[in-house]
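Notes follow once the structure below has been shown.
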């Protein structure tokens, strides 16, 4: 029960009154030191001054002294009587005032529209006003911890000192700012809001300030902020070339109509800036609507068909939450570059602190034109020409593709008379056989292959670094080189992600390419320095293509075979390369065991575990097993888990129906649409399989994967 407080009479002449005339009675902590008591002292002092004045007048006129003395006597008698007779009246009035003030204070606190409550040290409710009861839909008898009704208000967020703590909370669709303040419990002793006369320790006042209107206003302003977008037609030239001349204008008109209707439906503005590019301006709220629909324009535009042999695909890039419109446009431009670098047919939304990908379900279309390769080759040539030294590196735990591409760049630099070095820290099993081609060869000095530490010591201000087969800084052999070299060149065939090498002087990322060796083989042909590859160099590059295409089975296009033909003419020996990649019997058996023990999930996904004990390169065997699982009828994607160096390496493969890169990206990895992977720490193979299945179910539910 609530305890009604009755204030004790206050003696205005007692010593306690000088300290606090009624502060303790009302529990507010307001102190009026000596105010009432001081009024009586003023009367006394004035009386003393009057008598002193009377005595001074005696020296001038005795009659005036007599008259003033009479007045002083009357004043003294009246004040004495008032002092004696009014004492009880003052005491009663002050006590009544304190009681009425306290009752008024409690009434105001009860009727306050602002939700207010008192909590004990454990966060339990001691008291709440009616407004608070209505807010949390509990009555004041509710004494459980506040966190049971307002979950963010755990004991951890309570203030440890007298400072005010504000915590944003949501209650039944409304937004509040919960304001907590610590108060010494004895300050509220005897108050009607407390249960009992005494509370030890500290208590906490809790006030809920309704910010719903402010939040809605802020949200509305944020929703109305502008976002910029860029739409690129990925394969404009290729599609146009497949139809009759009279239909070209019609096809373009149909694509324009699709794009304009799509943007107009969400109250946006679309303007065609080039034959295959559109600039889009829309509200942030409208962009969220497009994100919820997963940018269905990507699928709609593929339905435009008037006899064209290939479907039209778009790459979309959006920028938002920039400090200025120009920054949003820059975000959009970077986003569409990411979409193109990942193979097109997808949308990328970029903000200052995040990048989100949508689409990317179809295979990349190989471009038959080599104009881009020729341009990049000339640009690379000019960069190397003005540099003293060239440092070449691939990804950590290098494979035949990264090493073969590095060898091709090495030959370009040496032909141009530059000092060149390949950075390799760990000679993995997969490249040991290839490295033997260059050992004890007088054509390659001791500085042909160097470590990261040696590279950092040798690098100069006028050196450049060429990164092959990787575009993520942290995965390169020596990330420090990227900060020490002013000129950076990136050559890669993997789809780009959120973390990319920034500030590259030249970036050539083609997701449709089968391998980095294929790209470098084309560059070698177009550098124009009469470069002649040595047989061992051609073998290394040819081997890189063979491994990444699984013997010209995966992602092998016209340009792949043309690059292979060039390497064959340069001296690559198919038999010699095949011997380089022969495996031991234990590896063959491990791969066969992984295939034989495969689990088929949802009739289309194959899962297996590769036992890596005793294998020279367990991750390679796991990848090979994943490739072989695709030969099973009905399997659309395969996943093989391999334990190596305390981690679980996941090799994901597909043919054409499932984008395994999307699955691996959700697990922190990446790769290609049909060849991807990731690594997991502190997990078992069974836990890794369960996690992959969880991601697959999520993507199926979101419509990203069709089974």
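Picking from 330, 299, 292, which residue would you name as being modelled with pLDDT of 90 or more and surrounded by fewer than 19 Cβ atoms within 10 Å (Cβ to Cβ)?
Values: 299 fails: modelled with pLDDT of 90 or more; 292 fails: modelled with pLDDT of 90 or more.
Just one listed residue meets the conditions, 330.
Can you report the number of residues in region 452-482 which are outside any loop (DSSP other than H, G, I, E, B) and either within 11 Å of residue 390 (Cα to Cα) or in contact with a helix residue (DSSP H, G or I) (Cβ under 9 Å, 6 or more places away or on another chain) (or both)? Before the answer, list the steps.
Quick first cut of region 452-482, residues outside any loop (DSSP other than H, G, I, E, B) only: 452-458, 463-468, 473-476, 479-482.
This time we only want the ones that are either within 11 Å of residue 390 (Cα to Cα) or in contact with a helix residue (DSSP H, G or I) (Cβ under 9 Å, 6 or more places away or on another chain) (or both), so: 452, 455-456, 458, 463-468, 473, 476, 479-482.
The number of residues fulfilling the criteria is 16.
Looking at region 152-177, I want the residues that are exposed (fewer than 10 other Cβ atoms within 10 Å of the Cβ) and have a partner that is assigned to a strand (DSSP E or B) with Cβ atoms under 7 Å, at least 6 apart or on another chain. Which pairs are those?
Taking only residues 6 or more apart or on different chains, the pairs are 161/182.
Would you say residue 441 is more than 34 Å from the chain's Cα centre (by Cα), in the same structural domain as residue 383 (by TED's automatic domain parsing) and not in a helix (DSSP H, G or I)?
Working: more than 34 Å from the chain's Cα centre (by Cα): yes; in the same structural domain as residue 383 (by TED's automatic domain parsing): yes; not in a helix (DSSP H, G or I): yes.
The answer is yes for residue 441.
Which ones in region 654-692 are more than 22 Å from the chain's Cα centre (by Cα), more than 14 Å from residue 640 (Cβ to Cβ) and assigned to a helix (DSSP H, G or I)?
687, 690
How about region 654-664: which of its residues are in contact with a helix residue (DSSP H, G or I) (Cβ under 8 Å, 6 or more places away or on another chain) and either more than 15 Å from residue 694 (Cβ to Cβ) or at pLDDT below 90 (or both)?
From region 654-664, those in contact with a helix residue (DSSP H, G or I) (Cβ under 8 Å, 6 or more places away or on another chain) are 654, 662-663; that's our starting set.
Answer for region 654-664, where residues must be in contact with a helix residue (DSSP H, G or I) (Cβ under 8 Å, 6 or more places away or on another chain) and either more than 15 Å from residue 694 (Cβ to Cβ) or at pLDDT below 90 (or both): 654, 662.
When you check residue 501 against the structure, is it assigned by TED's automatic domain parsing to the domain that holds residue 384, touching a strand residue (DSSP E or B) at 6+ places or on another chain (Cβ under 7 Å) and part of a loop (DSSP other than H, G, I, E, B), yes or no?
For residue 501, the condition - assigned by TED's automatic domain parsing to the domain that holds residue 384, touching a strand residue (DSSP E or B) at 6+ places or on another chain (Cβ under 7 Å) and part of a loop (DSSP other than H, G, I, E, B) - is met.
Here's the yes/no breakdown for (1) touching a helix residue (DSSP H, G or I) at 6+ places or on another chain (Cβ under 9 Å); (2) within 19 Å of residue 617 (Cα to Cα); (3) surrounded by fewer than 21 Cβ atoms within 10 Å (Cβ to Cβ):
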position	(1), (2), (3)
546	yes, yes, no
553	yes, no, yes
561	no, no, yes
566	yes, no, yes
573	yes, no, yes
576	yes, no, yes
588	yes, yes, yes
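Which members of region 226-250 meet the condition of being more than 21 Å from residue 340 (Cα to Cα) and in contact with a helix residue (DSSP H, G or I) (Cβ under 7 Å, 6 or more places away or on another chain)? Steps first, answer last, please.
Of the residues in region 226-250, the ones more than 21 Å from residue 340 (Cα to Cα) are 226, 242-250.
Answer for region 226-250, where residues must be more than 21 Å from residue 340 (Cα to Cα) and in contact with a helix residue (DSSP H, G or I) (Cβ under 7 Å, 6 or more places away or on another chain): 226, 243, 248.
If you take the residues in region 471-493 that are surrounded by 24 or more Cβ atoms within 10 Å (Cβ to Cβ) and at pLDDT below 90, which one is nearest to residue 349 (Cα to Cα)?
Top of the filtered list is 471.
Are any residues in region 542-561 farther than 21 Å from residue 406 by Cβ and modelled with pLDDT of 85 or more, and if so, which ones?
The answer is 551, 552, 558, 561.
Is it the case, given these coordinates, that residue 651 is in contact with a helix residue (DSSP H, G or I) (Cβ under 7 Å, 6 or more places away or on another chain), assigned to a strand (DSSP E or B) and under 24 Å from residue 359 (Cα atoms)?
On the way: in contact with a helix residue (DSSP H, G or I) (Cβ under 7 Å, 6 or more places away or on another chain): yes; assigned to a strand (DSSP E or B): yes; under 24 Å from residue 359 (Cα atoms): yes.
Judged against the criteria, residue 651 is a match.
Would you mention how many residues in region 396-455 are crowded, with 19+ Cβ neighbours inside 10 Å and free of Cβ contacts under 8 Å to residues at least 24 places away in the same chain?
Counting residues in region 396-455 that are crowded, with 19+ Cβ neighbours inside 10 Å and free of Cβ contacts under 8 Å to residues at least 24 places away in the same chain gives 1.
Within region 483-497, can you find the residues that are within 24 Å of the chain's Cα centre (by Cα) and in a helix (DSSP H, G or I)? Steps first, answer last, please.
Taking region 483-497 and keeping what is within 24 Å of the chain's Cα centre (by Cα), we get 483, 494-497.
Once the filter is applied, which keeps residues that are within 24 Å of the chain's Cα centre (by Cα) and in a helix (DSSP H, G or I), region 483-497 yields only 483.
Results for (1) touching a helix residue (DSSP H, G or I) at 6+ places or on another chain (Cβ under 7 Å); (2) closer than 30 Å to residue 513 by Cβ, shown as yes or no for each residue.
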residue: 591; (1), (2): yes, yes
residue: 600; (1), (2): no, no
residue: 605; (1), (2): yes, yes
residue: 608; (1), (2): yes, yes
residue: 618; (1), (2): no, yes
residue: 628; (1), (2): yes, yes
residue: 666; (1), (2): yes, yes
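Name the residue, out of 596, 608, that is buried (at least 20 other Cβ atoms within 10 Å of the Cβ) and modelled with pLDDT of 90 or more. I'd like the intermediate steps shown before the answer.
Numbers: 596 fails: buried (at least 20 other Cβ atoms within 10 Å of the Cβ).
The match here is 608.
Considering only region 116-151, state which residues are assigned to a strand (DSSP E or B) and without any contact (Cβ under 8 Å) to a residue 60 or more places away in the chain. It would help to see each step written out before you state the result.
Of all residues in region 116-151, those assigned to a strand (DSSP E or B) come to 116-119, 124-128, 145.
Once the filter is applied, which keeps residues that are assigned to a strand (DSSP E or B) and without any contact (Cβ under 8 Å) to a residue 60 or more places away in the chain, region 116-151 yields 124, 125, 128, 145.
Which pairs have Cβ atoms under 6 Å, sit 6 or more apart or on different chains, and link a residue in region 336-358 that is on the phi < 0 side of the Ramachandran plot to one that is part of a helix (DSSP H, G or I)?
346/339; 348/335; 348/338; 348/339; 350/331; 350/334; 350/335
How many of the residues in region 493-531 are touching a helix residue (DSSP H, G or I) at 6+ places or on another chain (Cβ under 8 Å) and under 20 Å from residue 381 (Cβ atoms)?
22
Restricting to region 633-664, name every residue that is farther than 17 Å from residue 619 by Cβ, in contact with a strand residue (DSSP E or B) (Cβ under 7 Å, 6 or more places away or on another chain) and surrounded by fewer than 24 Cβ atoms within 10 Å (Cβ to Cβ). Walk me through how you get there before you give the answer.
Pass one, region 633-664, residues farther than 17 Å from residue 619 by Cβ: 633-637, 654-659, 661-663.
Filter again for in contact with a strand residue (DSSP E or B) (Cβ under 7 Å, 6 or more places away or on another chain), leaving 635-637, 654, 658, 661, 663.
Scanning region 633-664 gives 635, 636.
Mind listing whichever residues of region 504-534 are surrounded by fewer than 19 Cβ atoms within 10 Å (Cβ to Cβ) and either in a strand (DSSP E or B) or outside the structural domain of residue 562 (by TED's automatic domain parsing) (or both)?
506
Looking at region 623-648 only, could you name the residues that are outside any strand (DSSP E or B), under 23 Å from residue 687 (Cβ atoms) and at pLDDT 90 or above? Walk me through how you get there before you give the answer.
Applying the first criterion (outside any strand (DSSP E or B)) to region 623-648 yields 623-636, 645-646.
From what is left, the residues that are under 23 Å from residue 687 (Cβ atoms) are 623, 625-626, 629, 635, 645-646.
Result: 625, 626, 629, 635.
The values are calculated or read from the model by the stated rules, or taken from the named source; none is laboratory data. What you are looking at is a predicted structure, and each value in this text was computed from that prediction instead of being measured. No Cβ is skipped: glycine too gets one built from the backbone with ideal geometry, and neighbour counts run over all protein chains shown.
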